[in-house]
Amino acid sequence: QVQLVESGGGLVPTGGSLRLSCAASGRTFSNYDMGWFRQAPGQERECVAAIRRSGGNTHYADSVKGRFATSRDNAKNTMYLQMNNLKPKSTAVYYCAARSTGGVLANTSLYDCWGQGTQVTVSS
């Protein structure tokens, strides 16, 4: 399976920006659809953004549309999440995940490889 490592989390004020990275190793990165998920304390894990293996199709949760953007560089085996105009409700652990199967991008259950997560905290 592919191994995933997230980076780029931190503490930012409301309205700030962060760029998360997800570095993949171990398998051919371009064979995987990729997703960004977040989980806040006491809440279920949700998909905030996802991107097809070719990079040609993306998905965003309604709550982040217009503020978050995901991209990938298959030559660098890396996926990114640019987060702008962050809000306190964005505070969560952010995970990247991969899947070799197809299907709806936002379907959490289809992803079978997960990173360890990176904490994003937005202060009010």
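Can you grab the distance from the C-alpha centre of segment 1-29 to the C-alpha centre of segment 37-111, Å, no decimals?
10 Å
Please compute the per residue accessible area over the chain with all protein chains in place, 1.4 Å probe, rounded to a whole number of Å². Present the calculation step by step, with values, prior to reporting the outcome.
On the way: 5870 Å² over 124 residues.
With all protein chains present, the chain gives 47 Å² per residue.
Which of the cysteines in the chain are isolated, no other cysteine C-beta under 4.7 Å?
Cysteines of the chain left without a disulfide-compatible partner: Cys47, Cys113.
Using a Förster radius of 22 Å, what is the FRET efficiency between Gln82 and Ala23 based on their Cβ-Cβ separation? Nearest 0.05, please.
On the way: r = 16 Å, r/R0 = 0.73.
So the FRET efficiency works out to roughly 0.85.
Would you kindly find the accessible area of Thr58, with a 1.4 Å probe and non-protein molecules such as ligands, DNA and RNA excluded, rounding to the nearest 10 Å²?
Estimated to the nearest 10 Å², Thr58 gives 60 Å².
Quick check: at a probe of 1.4 Å, how many percent of the accessible area of the chain sits on carbon and sulfur atoms?
On the way: 2780 of 5870 Å².
About 47 percent, which is the carbon plus sulfur part of the accessible surface.
Fully extended, how many nm does the chain gain between Arg52 and Ser124 (0.36 nm per residue separation, minus their Cα-Cα distance)?
Details: separation 72, 0.36 × 72 = 25.92 nm, distance 3.39 nm.
Net length gain for the segment: 22.5 nm.
From the protein chains alone at 1.4 Å, what is the descending order of accessible area for Trp114, Trp36, largest first? Can you show the working numbers first?
Numbers: Trp114 80, Trp36 0 Å².
Descending accessible area places them as Trp114, Trp36.
Name the lysines eligible as straight-distance cross-link partners of Lys65: C-alpha to C-alpha under 20 Å, and not fewer than 8 places from it in the same chain.
Once the sequence-local lysines are set aside, what remains near Lys65 is Lys87, Lys89.
The values are calculated or read from the model by the stated rules, or taken from the named source; none is laboratory data. Please read all numbers here as calculations on a predicted model, not as lab measurements. Quick reminder, even Gly has a Cβ in these numbers, built from the backbone with ideal geometry, and neighbours come from all protein chains shown. In case anyone asks, the SASA skips ligands and DNA or RNA and just uses the protein heavy atoms, side chains included. Shrake-Rupley method; radii C 1.70, N 1.55, O 1.52, S 1.80 Å.
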